[in-house]
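For reference, the structure is listed below as structure tokens.
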Amino acid sequence: MIMTAGPLQGIRVLEFTQIVAAPFCGCILSDQGADVVKVEGPKGDPHRNAGAVIPGLGKRWQSLNRGKRSLVVDLQSPDGRDLIYQIIPDYDVVLINFRVGVAERLGIDYESLKQLNEKLIYCEITGFGSEGPLKNRAGTDVVGVAYTGLMVGEAKVDENGLPIGVTSSSIADYCAGFSAASSINAALFHREKTGKGQKIETSLLRAGLAIQDTNVMREPVHDAVTRDGMMDEIATLRDNRASYPEILAARAKGRGMRAHFRSYYGGYQTEDGRFLVLGALTPATRQSARTVLGITDDHSDSPDFDANDPASMVAAQNLRNRVAEIILTKSIDEWIVELEAAGVPCAPVNIPEEMSEDPQVVALNIMQDLTHPITGPQKVVGPVATMSETPTVVQSHAPVLGADSAEVLIEHGVSPELVEKLIDSGVIGSA
């Protein structure tokens, strides 16, 4: 693999990861120029076959593991652990998201590896953190979304009125991956100044709470008006075994002081059957929206407007219904022209499967062309950020299981003869 001159060129990352959060972090580091080696067991990352058409190369797995090399090592074997111990001094970063306790059992925990590389930056992503009563609980995205309250925030229910999460994206996983990548870069900067490595910990719990900052935050003056009564009502409903939609309704009512924003911040259907979202969040953009929509009797941005008055909440819902009727009178293209001319944030509701050909996406060169030796030509979403002096780029396609085992080990001084012997014994795997 030829690495580009990204900001992390020369940085080596050893990745013990699976599923989403940590693999996504590894993608970010690879896009920034790091040499990311993904260590997999003989059967590979279990996510390889999630939704796979071609065995071992599921589309989502490929997306989350592009730009990496695959090293297959049986970590249950003493010889396999010894191989990791032999190469770990050459690595700058270890990235891991195994369940709490697994790394210790395998001998690849921070304390063990730090003895071999005191400058190592070790980043661990877990479901609920390494301390506390839930430290041993498994944490997939839907579990993190439920526990942190994100699921209630989405207010989605299935056909039986039961909770469902953010179905289009593993939001807690991806946010944990972003925070891990940011922290690793900060730790590399700190090491550059001090020569010291360190351990980084994040979790789906932390990530899920971080992106709900104001909902989770406690502040007594504000809470007395907007939170406490709502929570008392929800507690009563829970005691009476209320349905999930009833809980959601109580929470929505308790958040009623935001109701006057919703008419200019939300989705509507247009005359041609498309769907339009308004995103006016400031008094100025809301007033611009009123002007475009021809609404002259809404005074919800006036200083004396009482959002908690029940009459105001009813009026806000009536206003939203009026806006919906108005939006139905024109096509989406007509509305976007008028709203953009007035400076009102707005957008069509697009389907993700059509975004690779979107004109704005194409203009920004967000999609990157790759050729996989098995699946052929593909377009992948490129780096999440660009850099003018140290370009970020997807380094390569996702690896076939064990494709780089021999190459990686020989790079680190393992003799070709020993590599061959270990392949024959099953300690390492090679494609």
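The values are calculated or read from the model by the stated rules, or taken from the named source; none is laboratory data. Here the structure is a predicted model, which means the values were calculated and not measured. Ideal geometry is used to build each Cβ from the backbone, glycine not excepted, and the neighbour counts take in all protein chains shown. For accessibility, only protein heavy atoms count, side chains too; no ligands or nucleic acids. Shrake-Rupley method; radii C 1.70, N 1.55, O 1.52, S 1.80 Å.
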- Note on the structure: Scoring only Lys, Arg, Asp and Glu (+1, +1, -1, -1) among other residues with Cβ under 12 Å from the Cβ of residue 283 yields 0
- Against the longest principal axis of the chain, how steep is helix 283-293, in degrees 0 to 90 to the nearest 10, with axes from Cα atoms? 60
- For residue 272, what accessible area in Å² do you get when you roll a 1.4 Å probe over the heavy atoms of the protein chains, rounding to the nearest 10? 70
- In the neighbourhood of residue 185 defined by beta carbon distances under 15 Å, the net charge of the other residues (Lys, Arg +1; Asp, Glu -1) is 0
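How much mean residue ellipticity at 222 nm does the chain get from its helices, if each DSSP H run of length 4 or more adds -39500 (n - 2.57) and you divide by all residues, to the nearest 500 deg cm²/dmol?
So the calculated ellipticity at 222 nm is -11500 deg cm²/dmol.
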- Query: If you build the Cα gyration tensor of the chain and take the root of 5 times each eigenvalue, what three semi-axes come out, in whole angstrom, biggest first?
  - Reply: 47, 26, 20
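Could you give the size of the charge dipole of region 189-233 about its Cα centre, using +1 on the Cβ of each K and R and -1 on the Cβ of each D and E, expressed in debye and rounded to the nearest 20?
About 620 debye.
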- Note on the structure: In degrees rounded to 10, the 0-90 angle between helix 310-327 Cα long axis and the longest Cα principal axis of the chain is 80
- In degrees, nearest 10, range 0 to 90: what is the angle between the Cα axis of helix 171-194 and the longest Cα principal axis of the chain? 60
- Query: Which of the residue pairs 38/421; 59/119; 199/379; 38/199 have a Cα-Cα distance greater than 29 Å in the structure shown?
  - Reply: 59/119; 199/379
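With a 1.4 Å probe and all protein chains left in place, how much accessible area per residue does region 348-431 have, in Å²?
So region 348-431 comes to 60 Å² accessible per residue, rounded to a whole number.
In debye, nearest 20, what is the charge dipole magnitude of the chain about its Cα centre with +1 on Lys and Arg Cβ and -1 on Asp and Glu Cβ, if you could check?
On the way: 39 positive and 56 negative charges, 123 e Å.
The dipole magnitude comes to about 600 debye.
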- Query: How many percent of the accessible area of the chain is carbon or sulfur, using a 1.4 Å probe?
  - Reply: 55
- Please identify every one of the GluC sites (Glu not before Pro) in region 214-307 that sits in a loop by DSSP and has no more than 13 other beta carbons within 10 Å of its own beta carbon. 271
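Which of rounded, prolate or oblate describes region 179-289 when judged by the alpha-carbon gyration tensor and an a/c cut-off of 1.5?
Numbers: a/c = 2.36, a/b = 1.45, b/c = 1.63.
It is oblate, given that a/c is not under 1.5 and a/b is not larger than b/c.
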- Note on the structure: If every Lys and Arg gets +1 and every Asp and Glu gets -1 at its Cβ, then about the Cα centre region 302-431 yields a dipole, in debye to the nearest 20, of 180
- Query: With a sphere of radius 12 Å drawn around the Cβ of residue 429, what net charge do the other residues whose Cβ falls strictly inside it have (Lys, Arg +1; Asp, Glu -1)?
  - Reply: -3
